[in-house]
Amino acid sequence: MASSAVIAINVDREGVALAPPYSSKSQKKKLDRFYCQPIVSILNQKPMNGHDMRKVIHSVKVGVALVLVSLLYLLGPLYKRVGDNAMWAIMTVVVIFEFFAGLATLSKGLNRGIGTVLGGGLGCLGAAFAQAVGGVGKAIVVGIAVFIFGAGATYTRQIPNIKKKYDYGALIFILTFNLVVVSGLRADQVLELARDRLATIVMGFAICIFISLLVFPIWAGDELHHSLISRFEDLAFSLEGFSKEYFENDNHKEKKLSANFSSKCKSILHSKAKDESLVNFARWEPWHGKFGFSYPWGKYLKIGEDLRDLAIIILSLKGCHDQSSEILEESVKEACEGIIASLAWTIKELGESIKEMSKCRYEEMIVPKMKSVRIEVSAIVNPFALETYLENSDGLGFASFVHSLMKMVEKLEELAKEVEELGQVGGFHENS
């Protein structure tokens, strides 16, 4: 028979549980340490980085915008002019204020404005027609109009091109049309109602644009630029980490490096959607900082694609490492370390070129470096050495490793050409 334990809980007169008595000083210290851990963990947190600070700035900007738009309610003279329609200005600020300035907020505002104008205009026409019919037919006309326009707009939202650019506008059209046409059944002045709502929406939109563009603006172009640079650094780090894992015998360090470079490469592989979104926003941003109106943001997509290809190759090296033997590794250890170091240096050099917005010295430094790397790889895979490797049962793994190195050299040459073209089209300065 299972034994049961009874735990005594002290309660006060009102039945609220009290803290248990301490059996010893050591127990009290342990419990005090347990309760203080959350406070200590908060105090020990690292300082905010740049991205976290931008989140704080964005949150403060949204708060300021909401305070300004709330004045339509709080100030008597303004409330007398707009009345309860002030809530539409507040809703506008909440739904269209985006993290990035420029097109991110502007496109949502334009979508909302167009959807409101079309939905309000057609809603007014539908309500006016229903009132002209009168009687029982009034409700029937409104019901038919709501069904036709609601179903049609919903189907339109599912078309890929419409969904990508105008999904939010179609949603606002459905909302505004239904509100106007249905409320028109009970309101005598439908046009005035639609006009007042549109006016308050414009007020909210104007406040969003003003604060987004003029008060500590956060640009999608800057985010894209820094994101691309960080991927160059991550790839160079991954190559260096792989070299240490591949040729060092410290198992604990090996596992840690493997996890680090694998996670960085995998994060690069999932960067495509973010790049496309940021490029779409950046193309419509005004001149800011180092980026002009015609800055070639499209080049970032091609460079990002090359970086993802390189990340795939680096991840494939891990599988080659698992299949090859230690004997083969030792025989070409020094040569492979030199090749990987040269590849990592090239990636860093290209990333630094974009970071400083200086031309990458393609002909002077990159081309000679790639030629020397090709010679070193060819020395590893000369016919006699290759025959020796393939005689070994684990030689295929090493042959795959060498093939991956050749692919990486080719991809790096393509990447270097893209960076060179970016420097020419983007107006990068010459190296001093």
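Just so you know, all these numbers are worked out from the coordinates, no wet-lab data involved. Keep in mind that this is a model prediction, so the values were computed, not measured. Positions of Cβ are backbone-derived with ideal geometry, glycine not excepted, and every protein chain shown enters the neighbour counts.
So which of Lys244/Lys411; Lys333/Lys407; Lys108/Lys411 end up more than 28 Å apart, counting from Cα to Cα? Pairs exceeding the cut-off: Lys108/Lys411.
Pairs Lys264/Lys417; Lys274/Lys359; Lys299/Lys417; Lys318/Lys417; Lys272/Lys417: which exceed 22 Å Cα-Cα?
Values: Lys264/Lys417 24 Å; Lys274/Lys359 26 Å; Lys299/Lys417 11 Å; Lys318/Lys417 27 Å; Lys272/Lys417 20 Å.
Over 22 Å apart, Cα to Cα: Lys264/Lys417; Lys274/Lys359; Lys318/Lys417.
In units of the compact-protein estimate 2.2 N^0.38 Å, region 73-224 shows a Cα radius of gyration of 1.17.
If you count, for each residue, the other Cβ atoms within 10 Å and average over each peptide, how do 152-163, 213-224 line up from highest to lowest?
Values: 152-163: 12.8, 213-224: 17.9.
For the peptides 152-163, 213-224, the packing ranking is 213-224, 152-163.
Subtracting the Cα-Cα distance of Ala128 and Lys55 from their residue separation scaled by 0.36 nm leaves 21.6 nm. Between His429 and Trp287, the simple spin-label model (points 7 angstrom out along Cα→Cβ) gives 1.7 nm.
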